[in-house]
Amino acid sequence: MKRSLYLICIFFAAFQLFTGLNQNQASAEHVTDQFDELNQIGLFAHTLKDNQAHVSSWSVYAREIQSSGVTRKNFDRTANQVKKKFSDYEWRSLEPNEGAIGWEGTKKIHSGNVQMSINYMAYPRGKHFQTVTLYRVNGESFKQIQWSQNKKYIRAEMKRIFNGEEHIYTCVKAYHSAKMKLALIDEGMRYLKLFSATPVERLQEKTFVSISAYTKTWNNAIYTANKKMNIQAALRNDGDRTIIVLGSPIITVEY
């Protein structure tokens, strides 16, 4: 678990650098005042339920790249400020991993059995550090009344945590109690069609398929091979059932 947190941090930092040439254009596509990414959770959940899938979990992941050229002393001082500000979270130090350092705060809210975590982390850049703040929310079964309450809470938390430059990723995971009649690739394409999405990349194996696509339904987007994408569908055969994950702009959970 500790290692995965660092890998997430490093992955998104590298991803940010890799897409740097498209940063201005991508930022123009990420306008939270015009579109609320959190609404995607309800949209994905209802779409899966309408297609006889059982929602097993949902997640919201947000990250904000912050200061560069940070010394260890600067990081420690800011980390103490973060812990004090968010004293309602239970904090623990993360063991250093490949030069990355950080703190994790967690708390649980009982509406829908929801777990929240904040990670204030830094990874090496030359002789100094680049800092990043990560916020993850994991929920179990989806119920609209609970989700409406949780959405307000999550939105308020993000206003506390971030400086308005966060990037948000949403995922909903579900399963069919039986193998699908259609091939996985066809079923994945069918789900994307429900969102008027055009495929841009795909990965297909015998028991697994992942499709990246772009839809004009919402305006958040990232870039892959100079093509915009803002929705992913992943399907996997798991014994006598099929796992389905919908995410935007990419999937950030294991499947």
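The values are calculated or read from the model by the stated rules, or taken from the named source; none is laboratory data. All values derive from a computational prediction rather than experimental measurement. Cβ placement follows ideal geometry from the backbone for every residue including glycine, while neighbour counts extend to all protein chains displayed.
The rows are residues; the columns are (1) of a type in the set (D, E, K, R); (2) farther than 24 Å from Ser87 by Cα; (3) not in a strand (DSSP E or B).
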position: Leu134; (1), (2), (3): no, no, no
position: Met158; (1), (2), (3): no, no, yes
position: Tyr169; (1), (2), (3): no, yes, no
position: Ala174; (1), (2), (3): no, yes, no
position: Leu182; (1), (2), (3): no, yes, yes
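Every test in (1) in a helix (DSSP H, G or I); (2) at pLDDT 95 or above is passed by Asn24 save one, and that test is (2).
Checking each residue in segment 215-235 for being farther than 22 Å from Ile185 by Cβ and either of a type in the set (A, V, I, L, M) or part of a strand (DSSP E or B) (or both) picks out Ala221, Ile222, Tyr223.
For segment 45-77, the set of residues classified as of a type in the set (Val, Ile, Thr), under 13 Å from Thr131 (Cβ atoms) and touching a helix residue (DSSP H, G or I) at 6+ places or on another chain (Cβ under 6 Å) consists of Ile65 only. Screening Glu37 against (1) of a type outside the set (Ser, Thr, Tyr); (2) at pLDDT below 95; (3) exposed (fewer than 14 other Cβ atoms within 10 Å of the Cβ); (4) under 24 Å from Val114 (Cβ atoms) leaves a single unmet condition, (3). Entry remark, segment 236-255: residues being assigned to a strand (DSSP E or B) and not hydrophobic (A, V, I, L, M, F, W, C) number 7 in total. Mind listing just one residue for me: the one in segment 120-130 that is surrounded by fewer than 21 Cβ atoms within 10 Å (Cβ to Cβ) and touching a residue at least 12 places away in the same chain (Cβ under 8 Å) and, of those, nearest to the chain's Cα centre (by Cα)? Within segment 120-130, the match that is nearest to the chain's Cα centre (by Cα) is Tyr123.
Every condition in (1) surrounded by fewer than 20 Cβ atoms within 10 Å (Cβ to Cβ); (2) over 29 Å from Arg190 (Cβ atoms) holds for Gly42 except the one numbered (2).
Scanning segment 203-251 for residues that are closer than 23 Å to Tyr175 by Cβ, touching a Ser or Thr at 6+ places or on another chain (Cβ under 7 Å) and surrounded by fewer than 20 Cβ atoms within 10 Å (Cβ to Cβ) turns up Leu203, Arg236, Asn237, Arg241.
What's the total number of residues in segment 74-107 that are part of a strand (DSSP E or B) and of a type in the set (S, T, N, Q)?
Step one: of segment 74-107, the residues part of a strand (DSSP E or B) are 90-97, 100-107.
Filter again for of a type in the set (S, T, N, Q), leaving 93, 97, 106.
Within segment 74-107, residues that are part of a strand (DSSP E or B) and of a type in the set (S, T, N, Q) number 3.
Give me the residue from segment 45-73 that is among the charged types (D, E, K, R) and part of a strand (DSSP E or B) and, out of that set, farthest from Met189 (Cα to Cα). Give the steps one after another, and end with the answer.
Pass one, segment 45-73, residues among the charged types (D, E, K, R): 49-50, 63-64, 72-73.
Narrowing the set further to residues that are part of a strand (DSSP E or B) leaves 63-64.
On the way: Arg63: 29, Glu64: 32 Å.
Residue satisfying both the conditions and the ranking: Glu64.
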